Structures are given as structure tokens and as C-alpha cells.
1. Rounded to the nearest 0.05, what FRET efficiency do Lys458 and Arg496 have when you use their Cβ-Cβ distance and R0 = 22 Å?
2. Binning at 5 Å from 0, report for region 92-147 what percent of all alpha-carbon pair distances ends up in each bin.
3. Rounded to the nearest 0.05, what FRET efficiency is calculated for Tyr240 and Ser143 with R0 set to 60 Å and r the Cβ-Cβ distance?
4. Taking 7 Å along the Cα-to-C-beta vector as the label spot, tell me the Arg89-Leu153 distance in nanometres, rounded to one decimal.
5. Using a 7 Å offset from the Cα along the Cα-to-Cβ direction at both Gln437 and Ser350, what is the distance between the two label points in nm, to one decimal?
6. Volume per residue, Å³, of the convex hull around the alpha-carbon atoms of region 130-182?
7. Sorting check: for 518-525, 151-158, which peptide has the highest mean count of neighbouring beta carbons within 10 Å, and how do the rest follow?
8. What figure, in Å² to the nearest 10, do you get for the accessible area of His323 with a 1.4 Å probe and non-protein molecules left out?
Amino acid sequence: MALPGGRHLDSITLPGQRLHLMQVDSVQRWMEDLKLMTECECMCVLQAKPISLEEDAQGDLILTGGPGPGDPLQLLLKRGWVISTELRRIGQKLAQDRWARVHSMSVRLTCHARSMVSEYSAVSRNSSKEMGQIEKLLMEKCSELSAVTERCLQVENEHVLKSMKACVSETLSMLGQHFGQLLELALTREVQTESCSVTELECSGGISAYCNLCLLGSSNSPVSASQALVRKIDASDNIYTTESTTGNLFSLTQEGAPLCRIIAKEGGVVALFKICRQDTFRCLYPQALRTLASICCVEEGVHQLEKVDGVLCLADILTDDSHSEATRAEAAAVVAQVTSPHLPVTQHLSSFMESMEEIVTALIKLCQEASSGEVFLLASAALANITFFDTMACEMLLQLNAIRVLLEACSDKQRVDTPYTRDQIVTILANMSVLEQCASDIIQENGVQLIMGMLSEKPRSGTPAEVAACERVQQKAAVTLARLSRDPDVAREAVRLSCMSRLIELCRSPSERNSSDAVLVACLAALRRLAGVCPEGLQDSDFQQLVQPRLVDSFLLCSNMEESFV
């Protein structure tokens, strides 16, 4: 899932993602889009007839203050965004059988499509026979959609309507394909022309719209933009040009996994590691590494990283104290991404095993010296993923006194202040608790009390992401407690701290665990482990309902204890 800063970490869910912000005033953008909508509403009233009979009447639809005669790209982006929105809305209304709305929106869609074709033909120098054919097919499908939806308004027989609905759906699908093809062809031509650089596309907020619109028709449509950026990074020795281009490439990565795959295939990983191996570009390392972390959310990115010895480069950055904390934190983010347990390809990173000890040591040091919560989060997330990656990592962490470092950090609000960070810490503790010698370190550092506190993790904001993070913290805390309670000393300490009372509360009160079944199962398992060592800590009713029956019977009993508001 995504880390702050646009990072993708599938193993955790984090808030505060840095969104891709268009460099356009939001109110101005809204007013421009609104004018498109209202002008088309006027045409709908006249059944798509032009307001005047002059040949250039369609030119009236060009936005004031918007794309002019020399800006066909912006014209495409604005009209294309509106059309893609209309296509989606028509599909929604069709699913609801709201035929009057489907027809009126189909007429409006025809207006928008005709306007886009007419305006683009007037300002573009890149029209071709192929584009003309696609434009003709698009307009034919628009007319067909308007005609068939009008007939549907006059049909009352449900069976006939059902068959016509399939016809409308097929027509809408074909229309969307033709629109995607036309937009892909037009945008690709514009991006490739000398008059439109990718930098201009980004500055206008166009990359976001371009990628979203093109992906409607083909996953390969943004290839030209990706190729242009990668070639520019690879060929440039100017720090300012490289900085700007890397920023644009990062913006592309924020548009989803399909674009990340394209960038990886086009050599983006190779180009970015080229930056990270040149001392002259040291100030650009954080930006390049952040982009790498985004690209490596897909298997293609990890494969490319392996081919260029990227793990070795990351290890060098992490172990070099001359690099800034920000640079090492971004390197930790890349490590966290490529070791994500949700990417099966990471299990075959042979080069990682060679550098694992150096990387783990550097990450523990980064956790210890972190000056902010974000730096600690990135380093601890990398460590958490590595503990899934290989069991040797847990033994290394034990030797490096990781338990002491992590538990001390929990009392430092500057480093550990969110459930997302505590999620990483308890993940590491849960994976380390399989080692027998871990129990003594936990007791020595008062770790049982900290785990007890994690069983009471509560969200502050109530957002779905934060609620889910709190559930994970509770679940993993219970798992850790169950594993550690194999040691009688840990079990007795847990009973002394009233852990059993809290576990019973979590089992019996769905609201305490946010009705999470995963938390319930973990708590039942931990309670049964503690009861095996100290049965005197349980009341008879708790023992008979939560410990004595089969686990599945206790689970069913507790999962049905929903609160009644009658």
C-alpha cells in the first residue's frame, strides 16, 4: 500500500499520501469545466443542432482563457476528461435502468464528442487518414447510442427492454473503445511533437488527465511520455534538467501500476540508478529513490532493480553516513518496497541475501537516530518486511539489540506517534517472538507492558485506514503475546499486568475490536495459551465459554455477541 510521499507498500496501509497536485488554480479549473458543461446543456435543448449556422460556430465552444489555437493538447485533455466522465456516468445510469437520464446524457455525449473532433481538427496539424476513420466511427456510434436510447424510452415491455439494454451496453462499450483509440492516437501525436514537451504536459496538470484517459482504451498509450522522460534523464548531465524530469517521472508513477510497468519496461529503473551512482547528482538522490520506490510496486520494477545490482547500490547508500538522513530514509523506502511480502518476486532476490546483514544493521541505526516519525516509519517498515523475507533477519535483529531500540522508541512521541508506526514495531516483535531467546529480552525491556498497551490501540481520526491499522496492531500484539507465553515467566508477567482481562474484553465486546474476526481469533489463541499456564486468572464462565470449547465454537459464540440497539 502507499507510504507517505506516494510510496507503494503492499504490506501496510498508511495515511497522508502525498497526492499528485496539479499546478492549476482549483477554482479556475472548476469554472472552465463548468462552462463546458453548461454550453453542452444549451446544445442538448436544441437536440444537438448548432446554435448558429456559420461554419465556425463550433469554435464558440473553445473555453475563454483556456486552450487557444496553438494549444491542441489542452483542448484534448479538457474535452477528453469530460467525455470519459460522461461515459462512466451513462454506464452507472444504465445499470440503474434510468432510461430518461441515459438518453439525455447520450445526447450530451454526442455534443461533447462532436465538439472535440471539430475543435481538434481546426487547431491540429497532425490529422491523418487513420484519425479521420476513427473520428467517423466514433460519431457513428454516438448517433447510434442516441437513437437506440430514444427508442428505449418508448418501450414498456420489460423483456424487450432487457434485450435492448444489452444492445445499449454493447454500443456504449464500442463507443468507449473508439474514443480511447482516438484519444490515444491524438495525444501520442501531440506528446511526440516538438511543440509539446512532457514538462509542459506536467506543468499544465495534463499528465494525470492524459494517463487516466488513455488507460480507458489501452494500457500502452502513455508509452511515448514514459520513453521521452526516461531518454531525457538518461541523456542529461544538467542537474536542473534532471531534477525537473525526475519529478515529472515521479508524477507518472502516481497514476497507478499500469504506468509503473510501462516505466520499468522503458528503462526507468536503469536511468534512476544511474543518477544514484553519480556524486554530481547527490542532491537528487532522495527524489530519484522516491521514484524508484513507486516503480518497484510492480514485479517488472523489482526485476529491473535486480538486473542493475540495485540492492548493492541501496546498501551502499544506507551504510554511508555521509549521505543525508533524507537520502537514507528514501533508500529504506525502496528496500521496504522490494521486500514486500505481497510481491512474490521478492523471494527470489538473490542479491539481497548477500547484502542483508549490512542493510539490517544500517536500518536499525536509522531507527535509533531518526529525527522524525516519517524516517522511523520508513526504516521500521523495511525491517518489518525483511523479517518476513528471511528468518535469518530475526536472528540478526536479536544480536543487534533491536528489541531494546524498538521498545525505547515507543516512548518517544517524536518517532512513534501513529498506529501505522506501531504496526511496524509489533510486526517485527511478532516475527522475532518465534525465537526462544527473544522472551528474556522482552521481559528485560518491559516489553510485555508495551504489548499490553497495544491491545488497547484506538484510532484518533476514525478514518478507515487508521481503523484498519489499529486492528492490525491489536491482532499482532495478541499473536506476539501468544507466542511469547510459551515462556512461563512471560505468561506470569502478562497475568500480573491483567492481560487476560483485556483479552476477555476484546473477545466479548465486538466494539473493542471493531468487530474484527482476525483480532478475535488472535485474542482467543492468546487467552488459551495464558490459561494453560495460569488458569486461576479466569472466572468459571470465561473458562467454560472461551477456553474449554473448541476454538471454532468459542469464535462463533463471541462473533455473535453483536450489540443490540433495540
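1. 0.40
2. Once binned at 5 Å, the Cα pair distances of region 92-147 give 4, 19, 23, 20, 14, 10, 7, 4, 0.
3. Computed FRET efficiency for Tyr240 and Ser143 comes out at 0.75.
4. 1.7
5. With each label point 7 Å from Cα toward Cβ, the separation is 3.1 nm.
6. Roughly 50 Å³ of hull volume per residue.
7. Final packing ranking: 518-525, 151-158.
8. Accessible area of His323: about 20 Å².
The values are calculated or read from the model by the stated rules, or taken from the named source; none is laboratory data. Since we're looking at a predicted model, the values are computed, not measured. Positions of Cβ are backbone-derived with ideal geometry, glycine not excepted, and every protein chain shown enters the neighbour counts. All accessible areas refer to the heavy atoms of the entire protein, side chains included, with ligands and DNA or RNA removed. Shrake-Rupley method; radii C 1.70, N 1.55, O 1.52, S 1.80 Å.
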